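Written below as structure tokens is the structure these notes are about.
Every read-out reported here was derived from the displayed coordinates using simple, explicitly stated rules and does not represent laboratory data. Quick caveat, the model's predicted, so the values are computed rather than measured. Note that each Cβ is placed from the backbone with ideal geometry, even for glycine, and that neighbours are counted across all protein chains shown.
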Amino acid sequence: MGSQAGPAATSVGNVLEHALATDPQHEALVSADARLSYQELDQAADRAAAALGALGVRRSEVVAVSLPNASDVVVTFHAVMRLGAVWLGVNRNLAPPEKHFILRDSGASLLLASPDVASTIGSAVDAVPAPIPIVAIGDDGGAWRDMVANAPSSYRRPICRSTDAAGIAYTSGTTGRPKGVVHSHRNLLLPGAMVIEARSLGPELRKGDCAALTILNMQVTSTLLVSQACGTQIVMDRVDPLGVAQWVKQRSINSWFGVPTILQGLTASTEVDAEDLSTLRDVWTGGTYLPEPIRHAFEERFGCLVSATYGLTEAPTIVTIENPTEGRAPQSSGRPLPHLLVEIRDDDKLMPVGETGEITIRAQETGPYAGTYRPMLGYLGQPEASAHSVRNGVLYTGDIGYLDVEGRLFVRDRRNALILRGGANIYPAEVERVLLDAPGVRGVSVVGVPDERLGQRVAAAIEPEEGFTLDVGELARYCTSLLARYKVPDFWKVGTLPRNAMGKVIRTDLEDWFSASEATSAP
């Protein structure tokens, strides 16, 4: 693939300009409900932006979006950016209380949601001091479709600076409450531009993604990357092996991102033929560690190399990626993108090559992209947490790893006891906070236990109040009502928690609690 990135866009709202000037009839977007050229996508985004403006959305206001993987989630992303508003993707799998917290904390002025989400979140949104208007967007048309159809196809866009806020992505912290990571237009555009440079991508790119596009990182590495390459974005609406294979085969996808569990599912599926994935040339994975046996089995069956990545929401998204043309180092996450300098530190002290410490990120000092990177704008409404994570232009990730002599990154531990279940990030404190509010629970500690397929599963050690008998089934149902399903513990153990002299739970002692013979599986 030949690199085709044009003049760098100064704001996300202008990201289609190069493709429109180069080949406006090139296929820009393919989804289950639409196929749009760049010209058609541009016009649809303009009409959607005008419709949002008619609803009262103004520059710098937060627009929350909770939509399935279809054309609307892409069109509304471009529309929000063209208004100079701030995008907030709300994961459809979150429980209503979780969605409610994000909407309230972000100060969102509007929620665009599918009918199923709108119906379940309405009562929660009403609890916000200033109720948030909800616009339902469904397959049957409705008011939103009428508004868009009657909106003008062009209008005067505000001029956004590259340093203006463009998007918010919520990621949990050690306190158990999610934190809103705020990113600028420049931060959202740079990763895609740098991946294009590193992998020589161009208009022939047909990038398929089955992960939810409500995730800001996916908009960065799918919507924005493809637009900057003048390629074709293919929005997949299935994550099962047969569904993924059908999308790849029928739409001639040549680049795809899949978490390890999906790679394993494709490899093991008897319904998928090797020929189904024959168009793939570039497969990335990330979100959790990819076991080498799964990688080798996938590559052997489908004849396509898998590139590991390392990234985080605060970066945003991809920091390092393997180069498929270079020799592979087992367990490596590859080299940094051209604009980034990855270093290992012990507090502020730089660590030598090969020594383990905290992974930090800052702007590259030399070369054509020197000084282009800026860390996140900060955590929304949390100046102390922001100052702790970004110091003197350096982003401290909290992840632990080391660099080899070739500059490849090896991640050893994820930050703050993060549990990585099938590519989904789960912070123990968030689950612990919910369980501590359950009747009869005196103490709780949530840990990750190894799992061959998912990487890790969630395990909860519960200490009951004196004289209280806890029912694991009731606890699981309680969690299900307040947490996304993937955060609900898979294994449970009730007993007296091991504590140190300060009364803190000794987490390392809990590992023995969750042996196969001791743990109770979730009902």
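Key figures for this structure:
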quantity	calculated
Karplus 3J(HN,Hα) series, Hz, for segment 449-462 with 6.51 cos²θ - 1.76 cosθ + 1.60 (x for Gly, Pro)	10, x, 9, 5, 8, 9, x, 8, 10, 8, 10, 10, 9, 10
Value of Rg/Rh across the chain [Cα atoms, Kirkwood radius]	0.96
Ranking of PHE514, PHE298, PHE468 by count of other Cβ atoms within 10 Å, fewest first	PHE468, PHE514, PHE298
DSSP-defined antiparallel bridges as percent of all bridges, the chain, nearest 5	65
Alpha carbon centroid spacing (whole Å) that separates segment 79-111 from segment 300-322	27
Proxy reagent accessibility, fewest Cβ within 10 Å first, across VAL447, VAL117	VAL447, VAL117
Convex hull volume of segment 419-521 per residue (C-alpha atoms, cubic angstrom)	98
Along principal axes, Cα extents of segment 23-99, largest first, whole Å	44, 28, 16
Protection proxy ranking of 200-206, 314-320, 400-406 - average other beta-carbon atoms within 10 Å, highest first	314-320, 200-206, 400-406
